[in-house]
Amino acid sequence: MKLAFSTLGVPGLPVPEVLSLATTHGYHGVELRAHPEEPVHPGLSPAERAETAALFRGAGVEVLGLAGYARVAAPGEDAPVLAEIRDLLRLAHDLGAPFVRVFPGADPDRPREESDAIAARRLGTAAEDASVLGVRILLETHDSHRTGADAIRILGPVGHRQVGALWDVMHTWLGGEQPSDAYAALAPHLGYVQVKDIASAEDTVPLPLGTGVLPLTECVDVLSRRGWDGWLCWEYEKRWYESAAPLQGLLSGGREYLLRALGEAA
């Protein structure tokens with residue numbers, strides 16, 4: 001498996017400094033938070049996109065994916081959601097990123113079946129653009145659909161190779177789903193896995209990997225035993241928790257923890 005970290009952990013950090021962290025601490029790739037307050041977002045000009053892609057190539061670091069914020073199950077018209085996804089897909093294509101992340105975002109007051117159908121319809125439509133651009137759309141286990149069992153209700157009806165799943169291990173745990181069950185549901189669609197750690201369900205301030213309650217070694221063991229060899233991406237949510245320790249000082253320890261877990265699972 002290859003290791004990456006998300007720029008959610010280093011809010012606003014310029015791309016050259018992000019790449020320096022990746023190369024210094026031995027990470028193969030970076031997940032870029034695609035938001036206007038970050039250096040990389042869909043508003044970049046063609047020249048800025050080319051420059052960013054060149055920086056990654058020069059550093060020998062991969063752009064794992066773009067973490068977007070489109071909510072595919074949200075109520076409202078399809079057009080704005082599809083436009084947001086298409087902007088992400090074009091940016092990913094220009095940067096050489098294989099994946100874009102979207103959220104479910106269903107309204108809890110609406111019938112579940114209605115929200116699932118809305119999301120499946122939108123993802124099925126966006127999949128055609130994704131095919132043309134050679135990028136895969138990944139639905140993250142998050143918010144209204146935090147477990148693998150939830151996500152598969154959307155992904156199953158879509159049934160398109162360019163639409164898959166992003167397994168956020170915190171959300172499946174919060175949803176009460178065992179790692180083996182989450183993997184079983186998501187495996188046919190799995191793009192990559194986000195790892196993190198927290199103190200409890202009530203205290204989700206990010207912690208160094210292996211110091212909290214999330215079943216990270218069990219997740220790695222499940223992936224290894226099933227022969228999965230994709231990406232593990234550390235999503236350290238510093239942007240939402242100012243009190244959290246800076247990620248820069250934790251990256252080496254996080255890499256060592258993941259490599260140790262992988263070694264023990266082998």
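The values are calculated or read from the model by the stated rules, or taken from the named source; none is laboratory data. Just so you know, these numbers come straight off a predicted model, no measurement behind them. FYI the Cβ positions are ideal-geometry reconstructions off the backbone, even for glycines, and counts take in every protein chain you see. Note: accessible area is taken over every heavy atom of the protein model, side chains too, but ligands, DNA and RNA are not part of it. Shrake-Rupley method; radii C 1.70, N 1.55, O 1.52, S 1.80 Å.
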> Using alpha-carbon positions, what is the distance between the centroids of segment 156-191 and segment 36-67, in Å?
Replying inline: 27
> With the dipole of segment 23-97 worked out from charges on the C-beta (+1 for Lys and Arg, -1 for Asp and Glu) around the Cα centre, which of G65, H28, L91 lies farthest toward the positive end?
Replying inline: H28
> When the helix-only estimate is applied to the chain (DSSP H runs of n ≥ 4, each -39,500 (n - 2.57), divided by the residue count), what is the mean residue ellipticity at 222 nm, nearest 500 deg cm²/dmol?
Replying inline: -13500 deg cm²/dmol
> Relative contact order (percent) for the chain, with alpha-carbon contacts under 8 angstrom and 6 or more residues of separation?
Replying inline: 19
>> What is the ratio of the Cα radius of gyration of segment 185-241 to 2.2 N^0.38 Å, with N the residue count, to two decimals?
In response: 1.22
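In segment 102-178, which trypsin sites (Lys or Arg not before Pro) fall in coil by DSSP and have 15 or fewer other Cβ atoms within 10 Å?
Of the trypsin sites (Lys or Arg not before Pro), the ones in loops of segment 102-178 whose Cβ has at most 15 other Cβ atoms within 10 Å are R161.
Roughly what % antiparallel, to the nearest 5, for the DSSP beta bridges in the chain?
Antiparallel bridges: around 5 percent, rounded to the nearest 5.
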> Using alpha carbon centroids, what distance separates segment 207-266 and segment 113-143, in Å?
Replying inline: 27
> Quick one: Karplus J couplings for segment 147-161, per residue in order, coefficients 6.51, -1.76, 1.60, θ = phi - 60°, nearest Hz, x for Gly and Pro?
Replying inline: 9, x, 4, 5, 4, 5, 5, 8, 5, x, x, 5, x, 10, 5
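Kirkwood Rh, segment 1-64, all Cα pairs: how many Å?
11.8
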> What Rg and what Dmax come out for segment 115-163 when only alpha-carbon atoms are used, in angstroms?
Replying inline: 10.5, 30
> Along the charge dipole of segment 133-198, which of G156, L186, H145 sits closest to the positive end, that is, farthest toward it, with unit charges on the beta carbon of Lys, Arg, Asp and Glu (+1, +1, -1, -1)?
Replying inline: G156
>> For Q194, what residues show an amide H to amide H distance below 5 Å, using hydrogens built from the backbone and excluding near sequence neighbours?
In response: W167, D168, V169, C233
> So what are the ³J(HN,Hα) numbers for segment 200-211, from phi and the Karplus equation (6.51, -1.76, 1.60; θ = phi - 60°), rounded to whole Hz, Gly and Pro as x?
Replying inline: 6, 5, 8, 10, 9, 4, x, 10, x, 4, x, 9
>> How much of the DSSP bridge set in segment 130-249 is antiparallel, in percent, rounded to the nearest 5?
In response: 10
>> Once you place label points 7 Å from the Cα toward the Cβ at R110 and A187, how far apart are they in nm?
In response: 3.3
>> Let me see the P(r) profile for the chain: every Cα-Cα distance counted, bins of 5 Å, each bin given as a percent of all pairs.
In response: 1, 6, 14, 18, 20, 18, 14, 8, 2, 0
> What nm value, rounded to one decimal, do you get for the distance between H28 and R225 when each label is placed 7 Å out toward the C-beta?
Replying inline: 2.3
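Do any trypsin sites (Lys or Arg not before Pro) in segment 218-266 lie in a loop, going by DSSP, with at most 13 other beta-carbon atoms within 10 Å of their beta carbon, and if so which?
When the trypsin sites (Lys or Arg not before Pro) of segment 218-266 are filtered for loop state and at most 13 Cβ neighbours within 10 Å, R226 remain.
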> Using a 1.4 Å probe on the protein chains only, how many percent of the accessible area of the chain belongs to carbon and sulfur?
Replying inline: 51
> Mean separation of Cα pairs under 8 Å and 6+ residues apart, divided by the residue count of segment 67-133: what relative contact order is that in percent?
Replying inline: 48
> With every protein chain present, what accessible area does D181 have (1.4 Å probe, heavy atoms only), rounded to the nearest 10 Å²?
Replying inline: 90
> What residue among A92, A106, A83 shows peak mean-square fluctuation when the chain is described by a Gaussian network model with Cα springs under 10 Å?
Replying inline: A83
> In a Debye calculation with equal point scatterers on the alpha-carbon sites of segment 124-266 and no solvent, what is log10 I(q)/I(0) at q = 0.15 Å⁻¹?
Replying inline: -0.77
> Under a 1.4 Å probe, what is the accessible area of the chain per residue, stated in Å²?
Replying inline: 40
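What is segment 176-266's relative contact order, in percent, from Cα pairs under 8 angstrom and six or more apart in sequence? Provide the component values of the computation, followed by the final result.
Values: 99 pairs, mean separation 28.3, N = 91.
This gives 31 percent for segment 176-266.
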>> At most 10 other C-beta atoms within 10 Å and a DSSP loop state: those are the exposed GluC sites (Glu not before Pro) I care about. Give me the longest piece of the chain that has none.
In response: 78-201
> Considering every pair of different Cα atoms, what Kirkwood radius, in Å, is found for segment 48-181?
Replying inline: 15.2
